Amino acid sequence: MITEEAGAAAEQNAGRAEFVRAGGCQCGGVRYRITAPALEVNHCHCSMCRKIHGALFASFARVRKSNFILERPSEADLGVFRSSAVVQRHFCTRCGSPLFITIYGYPDRVWLAAGTLDSGAHPGHPGTTRFTSSWAPSRRGSPSPTGCLSTRDIEPGAHGL
């Protein structure tokens, strides 16, 4: 006889086993899989992310390291750039695609560049915006005093968002 708790746990684990998303760099030299939905998705507007991604913001999906599997990296294909005292940015050395970051103090987490998921796959979590710039208005027309905005707070159509 299966208890209600055991049944719920089995159902939850079965749902996780079915969640698989694949991704990688532009040239195919580095490939990965995630086996559970992202814990959160952030759109970062800090100057480092903007410059490294060549965009107005970078989208990251935070996943547990245990649910992040590198499938096809050779030592030569996966480079690491330490962009600050705490952040390491991992990228393909052949095509230059930024792939994921690791942060000192969070050894059990990986922040993957959400745009590297195949075919624009959804990482399994709605997004939030952090470290916003002064040009990203909230619904009240001004940036958050904390520097963080939820995607719910951004005016539809503002700055193409």
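The values are calculated or read from the model by the stated rules, or taken from the named source; none is laboratory data. For clarity, every value in this text was computed on a predicted model and none was experimentally measured. Here the Cβ is made from the backbone with ideal geometry for all residues, glycine too, and neighbour counts use every protein chain on show.
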When you check GLY23 against the structure, is it closer than 12 Å to SER97 by Cβ, among the small types (Gly, Ala, Ser) and in a strand (DSSP E or B), yes or no?
yes
Between THR3, THR93, THR102, THR35, which is more than 15 Å from the chain's Cα centre (by Cα) and either modelled with pLDDT of 90 or more or within 15 Å of GLY115 (Cα to Cα) (or both)?
THR93
I'm trying to understand the selection: among the residues of the stretch 26-45, which are touching a Ser or Thr at 6+ places or on another chain (Cβ under 7 Å) and either among the basic types (Lys, Arg) or not in a strand (DSSP E or B) (or both)?
GLN26, HIS45
Going residue by residue through the stretch 94-115, is there one that turns out to be part of a helix (DSSP H, G or I) and within 22 Å of GLY28 (Cβ to Cβ)?
yes
Which of the numbered conditions does GLY115 fail, given that it passes all the others? Conditions: (1) under 11 Å from the mean Cα position of the chain (by Cα); (2) surrounded by 18 or more Cβ atoms within 10 Å (Cβ to Cβ).
(2)
MET48 versus (1) outside any strand (DSSP E or B); (2) touching a residue at least 60 places away in the same chain (Cβ under 8 Å); (3) surrounded by 14 or more Cβ atoms within 10 Å (Cβ to Cβ): which is the lone unmet condition?
(2)
Criterion first (assigned to a helix (DSSP H, G or I) and either exposed (fewer than 14 other Cβ atoms within 10 Å of the Cβ) or within 16 Å of the chain's Cα centre (by Cα) (or both)) does SER74 satisfy it?
no
